[in-house]
């Protein structure tokens, strides 16, 4: 299995966990990431998710890599942001938690 596929599988697992933990009854979920190049793969994962959960719509939102930490931190500090936020387990995570 390639590193990319492993990364996508981990992101999908994180997405499912975040969804179940934070948005039990929502119908619209936003997924934030900097990985614009993975949009097709994520949309495929979200389509599979929607088949099993037809009342939940996932919106893929990608932001430029160079601005992503600032965009997320600013949104979180304002009490906003994506329902599920894709992040590195290193570097950005601490910044996002503080926000």
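The values are calculated or read from the model by the stated rules, or taken from the named source; none is laboratory data. None of the values given here were measured: they were computed from a predicted structure. Don't worry about glycine lacking a Cβ; one is built from the backbone with ideal geometry, like all the others, and counts go over all protein chains shown.
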What is the number of the single condition among (1) assigned to a loop (DSSP other than H, G, I, E, B); (2) at pLDDT 90 or above that residue 48 does not meet?
(1)
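Across the stretch 83-99, which residue is nearest to the chain's Cα centre (by Cα) among those that are in a loop (DSSP other than H, G, I, E, B) and closer than 23 Å to residue 37 by Cβ?
Out of the qualifying residues, it is 86.
Those residues that are within 15 Å of residue 29 (Cα to Cα) and surrounded by 16 or more Cβ atoms within 10 Å (Cβ to Cβ), I need them from the stretch 70-94; list them, please. Full working, then the answer.
We begin by selecting, within the stretch 70-94, every residue within 15 Å of residue 29 (Cα to Cα); these are 80-86.
Once the filter is applied, which keeps residues that are within 15 Å of residue 29 (Cα to Cα) and surrounded by 16 or more Cβ atoms within 10 Å (Cβ to Cβ), the stretch 70-94 yields 81, 82, 83, 84, 85, 86.
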Within the stretch 51-69, can you find the residues that are part of a helix (DSSP H, G or I) and either surrounded by 12 or more Cβ atoms within 10 Å (Cβ to Cβ) or under 16 Å from the mean Cα position of the chain (by Cα) (or both)?
68, 69
